[in-house]
Amino acid sequence: MSASVHRWLPAVGLGELLEAAELQVRVDRKYLVARDDLGGLLEDPGGELAVLEIDRCRRFAYESVYFDTPQLPSFLGTARSRRRRFKVRTRTYLDSGACMLEIKTRSGAVTVKRRFGYAFDDRWRLSAEGLVWIEGAGEVPVPAVELGPVLVTRYMRVTVLHRPSGARLTCDTGLRFADFEGRAGALRPDLAVVEVKSPRGSGPLDRRLWAAGYRPCAMSKYGTGMALLRPGLPANKWNRTLRRHFGWEPGPLIRV
């Protein structure tokens, strides 16, 4: 993100951010934005924005490990736009070493996220405790014991709060993917994944992006990453995004 945003937006602490916009139930919209445009998009003469700051740091390293079965029901639910779909992942905040096991479910446009404190050393696997928590949540339609790690994503994140609406904007740069079979890929380095997360529908943060010519795009870090690294998987939903921003070409169809 532009250095001017880091320097000039006021800070908000994690406690205040969560109090204003924890957003475990939310509506999400993703945009692929030129990094050079980020500073202008977040100019703030009205004093409505604040950037998350922890220990004088405003950019944070994230790692997510996604879990699926060999039949890939989590991936296919997203790829085929099934109304009810799920993701299981660990989310690790690499700067602090904090780790969470998460279940994300989506019904229509609404995303619900549940989180469970998790051991850093277990982030690439599902421990016995993690399996029990997943089964107890009752939201994953496959036996937890069948889930295994399939994709790792890493990126740097800046989080911005829109105080009047309680909406949140995250800006992810340096997005990279790797699987457990030696494949790797990345988003074009001149682009950022910007996600607007709000309690309801679109709002002032979206209107800033629209005014700059950006529109929501079809992108899921898990789905897009899997399709990029395994070109034979169903990818119609992300075809345009993958070709334009990842240099992707489809491969022979993989049946799952």
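The values are calculated or read from the model by the stated rules, or taken from the named source; none is laboratory data. As the structure is a computational prediction, the values presented were derived from the model and not from experiment. When we count neighbours, we look across all protein chains shown, and the Cβ atoms used for this are built from the backbone with ideal geometry, even at glycine.
Looking at region 175-183, can you tell me whether even one residue there is touching a His at 6+ places or on another chain (Cβ under 7 Å) and crowded, with 17+ Cβ neighbours inside 10 Å?
The initial filter retains those residues of region 175-183 that are touching a His at 6+ places or on another chain (Cβ under 7 Å), namely none.
No, there is no match, as no residue in region 175-183 is touching a His at 6+ places or on another chain (Cβ under 7 Å) and crowded, with 17+ Cβ neighbours inside 10 Å.
Looking at region 193-205, is at least one residue free of Cβ contacts under 8 Å to residues at least 40 places away in the same chain and surrounded by fewer than 19 Cβ atoms within 10 Å (Cβ to Cβ)?
No, region 193-205 contains no residue that is free of Cβ contacts under 8 Å to residues at least 40 places away in the same chain and surrounded by fewer than 19 Cβ atoms within 10 Å (Cβ to Cβ).
Would you check which residues across region 114-149 are closer than 15 Å to Tyr93 by Cβ, modelled with pLDDT of 95 or more and basic (Lys, Arg) and list them?
Arg123
Cβ-Cβ distance below 8 Å, separation of 6 or more or different chains: which pairs start in region 86-101 with a residue that is farther than 20 Å from Ile54 by Cβ and touching a residue at least 40 places away in the same chain (Cβ under 8 Å) and end on one that is of a type in the set (Ser, Thr, Tyr) and not in a strand (DSSP E or B)?
Correct list of pairs: Phe86/Ser74; Lys87/Ser74; Lys87/Thr78; Lys87/Tyr222; Val88/Ser74; Arg89/Tyr222.
Can you name the condition, by its number, that Arg114 falls short on among (1) in contact with a Lys or Arg (Cβ under 9 Å, 6 or more places away or on another chain); (2) under 21 Å from Val194 (Cα atoms); (3) among the charged types (D, E, K, R); (4) in contact (Cβ under 8 Å) with a residue 60 or more places away in the chain?
The number of the failed condition is (2).
Checking the structure you have, find out if any residue of region 148-156 is aromatic (Phe, Trp, Tyr), out of contact with any Cys (no Cβ under 7 Å at 6 or more places or on another chain) and over 24 Å from Pro73 (Cβ atoms). Give the derivation first.
Step one: list which residues in region 148-156 are aromatic (Phe, Trp, Tyr), which gives 155.
From what's left, out of contact with any Cys (no Cβ under 7 Å at 6 or more places or on another chain): 155.
Now drop any that are not over 24 Å from Pro73 (Cβ atoms), which leaves 155.
The answer is yes, given that some residue of region 148-156 is aromatic (Phe, Trp, Tyr), out of contact with any Cys (no Cβ under 7 Å at 6 or more places or on another chain) and over 24 Å from Pro73 (Cβ atoms).
Residues of region 155-186 being among the charged types (D, E, K, R) and either assigned to a strand (DSSP E or B) or farther than 28 Å from Leu38 by Cα (or both), which ones?
Taking region 155-186 first, the residues among the charged types (D, E, K, R) are 157, 163, 168, 172, 176, 179, 181, 183.
Listed by number, the residues that qualify are Arg157, Arg168, Asp172, Arg176, Asp179, Glu181, Arg183.
Does Trp238 satisfy the condition of being under 19 Å from Arg106 (Cα atoms) and not in a loop (DSSP other than H, G, I, E, B)?
Numbers: under 19 Å from Arg106 (Cα atoms): yes; not in a loop (DSSP other than H, G, I, E, B): yes.
When the stated conditions are applied, Trp238 passes them.
Within region 144-154, is even one residue in a strand (DSSP E or B), closer than 24 Å to Arg230 by Cα and of a type in the set (S, T, N, Q)? Steps first, please.
Taking region 144-154 as the starting set, the residues that turn out to be in a strand (DSSP E or B) are 148-154.
From what is left, the residues that are closer than 24 Å to Arg230 by Cα are 148-154.
Then keep just the ones that are of a type in the set (S, T, N, Q); that gives 153.
The answer is yes; a qualifying residue exists.
Please go through region 205-229 and pick out each residue that is touching a Gly at 6+ places or on another chain (Cβ under 8 Å) and part of a loop (DSSP other than H, G, I, E, B). Show your work before the answer.
Step one: list which residues in region 205-229 are touching a Gly at 6+ places or on another chain (Cβ under 8 Å), which gives 212, 225, 228-229.
The answer is Ala212, and nothing else.
Return a yes/no flag: does region 98-117 have any residue that is touching a Cys at 6+ places or on another chain (Cβ under 7 Å) and charged (D, E, K, R). Quick ask: steps written out before the conclusion?
At the first step, the residues of region 98-117 found to be touching a Cys at 6+ places or on another chain (Cβ under 7 Å) are none.
No: zero hits.
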